[in-house]
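Throughout, read-outs are computed from the coordinates displayed, never taken from laboratory work. Here the structure is a predicted model, which means the values were calculated and not measured. As a convention, Cβ positions derive from the backbone with ideal geometry for all residues, glycine included, and neighbour counts pool all protein chains shown.
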Amino acid sequence: MNIATNLSTTQSISAPQTQTGAQVNLAVPKAQVTALPAKMELQALSVFYNTFQAIAEITLTIPANQITAIIGPSGCGKSTLLRALNRMTDLTPNAHVEGAVTLDRENIYAPGVDVVDIRRRIGMVFQRPNPFPMSIYENVAYGPRLYGIRQRKVLDEIVESSLQRVVLWDEVKDKLGQSGMALSGGQQQRLCIARALAVEPDVILMDEPASALDPIATLKIEELMQILKNTYTIVIVTHNMQQAARVSAYTAFMMINQNRAGTLVEFGQTSQIFTNPRNKQTEAYVTGRFG
C-alpha cells in the first residue's frame, strides 16, 4: 500500500545560480552536469546558529538514483548540510536557513510546506544505530502506523518487504517479537534503514552510517546502499575516503572559509574527484596531506 502518492519527477540539471543570479562553477564540465537527472537542488543554502554561519551559500545538485558522498575535514559543516536537507535544523533552537532546497522542484523551505511529510520523503539514518526500545516488528511498523495504517495484514506486508529490502528478513523473521535493541550493531543499523524505507521515502540521508560498525557490518551496509540506489536517491556523509570512493558515483568536497563557515569547494564524479581533482585543496585532502 502506498502511504503517499508518488510525486517524484526528474529534471535536467542546469548550472546553478547564486541569489544574485550569477552562475556557480562546481568544477564539473557542463556537458556532464546537464546530463544528470536531478532529485534535489541546493540554491545558495546557508545555515546560521544565532549569528554564527555554519555553512555558506552552497549550491549543489543531487542526482536521482545515485549515491552522492559529502566529504571534508571535521568541522566543515557536512552534518549540518545533511540535516538541512530534511529540515532537521528546525529542531535546533536559534538555527535558521537562507537560500532554498528543492525536492522534485518544490522548495522544502517554502511557507506552508508540510514538514512532517518532508521528513517522510527524505529519511535520515544516523551515525549510531538508534532502534526504538520496542520489538523488531514494531520498529518497522511504527512509521506506517503514524500515517494511519492499522490493518495487521498490510502492516505485516510492509514489515516483511522493508526487512527484505535491507537483507535482514531471513535473519530476524523468526524473532520479530524480540527487542530491536538486542540485535548486533550492524543488524540494528539495517533495522533503522528498514524503518526509514517503511514510509516510502524518495531520498535517504546517511550520516556516517558505518562509522560505529565492524568491517563485516560496514561491508553489508555498503552493499545494501548499492542495491537501494536503484530505487532511492542516497546522500552519505563520510570521513572515510575509501568508503566514499567505493560506494558513491558523485562526491562533494567541503572546506571552511576564513569565517569558519563550511563551503563547497568542488563537486563532480567520484572518479574525477579522487583521480583528477580540479582544485588544489581537493587534491591535498584526497591525497591525505591534511584532514
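Counting only aspartates and glutamates at least 8 places from residue 78 when in the same chain, those with an alpha carbon closer than 20 Å to its own are 41, 57, 90, 98, 207, 208, 222, 266, 283. Once the C-beta distance of residue 98 and residue 174 is scaled by a Förster radius of 45 Å, the resulting FRET efficiency is 0.30 to the nearest 0.05. GNM on the chain, alpha-carbon springs under 10 angstrom: the most fluctuating residue among 149, 55, 158 is 149.
Rounded to the nearest 10 degrees, the inclination of helix 136-146 to the longest alpha-carbon principal axis of the chain is 70 degrees.
Starting from 0.36 nm per residue, how many nanometres of slack lie between residue 134 and residue 90 once their C-alpha separation is accounted for?
Between residue 134 and residue 90, full extension yields 13.1 nm more.
Between the range 209-268 and the range 162-183, the C-alpha centres lie 26 angstrom from each other.
Seen against the Cα atoms of the chain and their longest principal axis, helix 185-197 is set at about 90 degrees. Mean sequence separation of contacting Cα pairs (under 8 Å, at least six apart), scaled by the length of the range 30-286, corresponds to a relative contact order of 27 percent. Using the Cα gyration tensor of the range 234-291, with a ≥ b ≥ c the square roots of its eigenvalues, what is the shape: rounded (a/c below 1.5), prolate (a/b larger than b/c) or oblate (neither)? Prolate, since a/c reaches 1.5 and a/b exceeds b/c.
Over the range 117-265, the reciprocal of the mean inverse Cα-Cα separation, the Kirkwood hydrodynamic radius, stands at 16.1 Å.
Specify the angular offset, from 0 to 90 degrees and rounded to the nearest 10, of the alpha carbon long axis of helix 215-228 from the longest principal axis of the alpha carbons in the chain. Taking the Cα atoms of the chain, the angle to 215-228 is about 80 degrees.
Calculated on the Cα set of the range 30-286, radius of gyration then Dmax: 18.4, 57 Å.
Extending 7 Å from Cα along the Cβ direction at residue 107 and again at residue 242 yields two label points whose distance is 4.4 nm.
The label point for residue 117 and the one for residue 164, both projected 7 Å from the Cα toward the Cβ, are 2.9 nm apart.
Most tightly packed first, judged by the mean number of other beta-carbon atoms within 10 Å of their residues, the peptides 253-259, 231-237 read 231-237, 253-259. Taking a point 7 Å out from the Cα of residue 52 in the direction of its Cβ, the residues of the range 67-81 whose backbone N falls within less than 20 Å of it are 72-81.
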